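These notes concern the structure reproduced below.
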């Protein structure tokens with residue numbers, strides 16, 4: 001039963017993050033930041049240049065509606081891409097379990113067999129016992145060594161998910177207030 005340290009390490013620590021998720025997270029964060037920055041600096045969204053286009057001659061309401069549409073679009077894209085990556089990561093975890101469980105089960109059987117034969121003068125040992133034992137011990141040692149990296153990875157994963165969503169939620173509130181204010185004028 002071969003034990004591939006790199007493959008197990010990749011499955012254990014390397015969270016699957018697609019390019020689509022990265023792009024959606026970046027775009028959601030960017031549109032949210034632009035909305036917050038204009039609100040914080042008290043600049044109307046209609047008073048900024050966007051991709052070289054001067055939209056200062058338009059009224060505020062259509063610009064706010066366009067910004068809201070972009071915000072909703074990128075929030076949905078981010079959530080869907082994140083959900084997709086999460087499903088792939090779940091499959092990777094199942095693959096790791098699928099590779100490790102037989103090793104652990106085989107070691108358990110061999111150790112029980114050795115214990116049962118302990119009083120036997122032939123003191124029989126399975127020829128694959130050292131290999132299986134070494135693989136399981138290497139896996140457990142790898143898990144122990146990477147425990148702190150796993151904690152940091154988990155923290156990063158949570159920040160990458162919640163920060164863009166919090167930013168977009170705040171931007172949605174700012175846009176809603178802006179739309180209400182623009183509708184009154």
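Read through the list (1) surrounded by 14 or more Cβ atoms within 10 Å (Cβ to Cβ); (2) modelled with pLDDT under 80; (3) over 18 Å from residue 173 (Cβ atoms), then give the number of the only condition that residue 23 fails.
(2)
Name the residues in the range 51-68 that are more than 12 Å from residue 32 (Cβ to Cβ) and either surrounded by 12 or more Cβ atoms within 10 Å (Cβ to Cβ) or in contact (Cβ under 8 Å) with a residue 40 or more places away in the chain (or both), would you?
Across the range 51-68, the qualifying residues are 55, 58, 59, 60, 61, 62, 63, 64, 65, 66.
Looking only at the range 24-33, count how many residues are farther than 13 Å from residue 83 by Cα and either touching a residue at least 12 places away in the same chain (Cβ under 8 Å) or not in a helix (DSSP H, G or I) (or both).
The number of residues fulfilling the criteria is 6.
Restricting to the range 161-180, and then to whatever is surrounded by fewer than 16 Cβ atoms within 10 Å (Cβ to Cβ) and closer than 22 Å to residue 84 by Cα, can you tell me which residue is nearest to the chain's Cα centre (by Cα)?
Among residues in the range 161-180 that are surrounded by fewer than 16 Cβ atoms within 10 Å (Cβ to Cβ) and closer than 22 Å to residue 84 by Cα, the one nearest to the chain's Cα centre (by Cα) is 162.
So residue 96 clears everything in (1) in a helix (DSSP H, G or I); (2) at pLDDT below 85; (3) surrounded by fewer than 15 Cβ atoms within 10 Å (Cβ to Cβ) except one condition, right? Which one?
Evaluating residue 96 over (1) in a helix (DSSP H, G or I); (2) at pLDDT below 85; (3) surrounded by fewer than 15 Cβ atoms within 10 Å (Cβ to Cβ) leaves (3) as the failure.
Would you check which residues across the range 36-50 are in contact (Cβ under 8 Å) with a residue 12 or more places away in the chain and under 14 Å from residue 181 (Cβ atoms) and list them?
Residues satisfying the conditions are 39, 44, 45, 46.
Kindly indicate which of 48, 72, 35, 104 is out of contact with any helix residue (DSSP H, G or I) (no Cβ under 7 Å at 6 or more places or on another chain) and at pLDDT 75 or above. Walk me through it before giving the result.
Details: 48 fails: out of contact with any helix residue (DSSP H, G or I) (no Cβ under 7 Å at 6 or more places or on another chain); 35 fails: out of contact with any helix residue (DSSP H, G or I) (no Cβ under 7 Å at 6 or more places or on another chain); 104 fails: out of contact with any helix residue (DSSP H, G or I) (no Cβ under 7 Å at 6 or more places or on another chain).
It is 72.
Report, by residue number, each residue of the range 75-84 that is crowded, with 19+ Cβ neighbours inside 10 Å and either farther than 17 Å from residue 176 by Cβ or in contact with a strand residue (DSSP E or B) (Cβ under 6 Å, 6 or more places away or on another chain) (or both).
78, 81, 82, listed by residue number.
The values are calculated or read from the model by the stated rules, or taken from the named source; none is laboratory data. What you are looking at is a predicted structure, and each value in this text was computed from that prediction instead of being measured. Cβ atoms come from the backbone with ideal geometry, glycine included; neighbour counts cover every protein chain shown.
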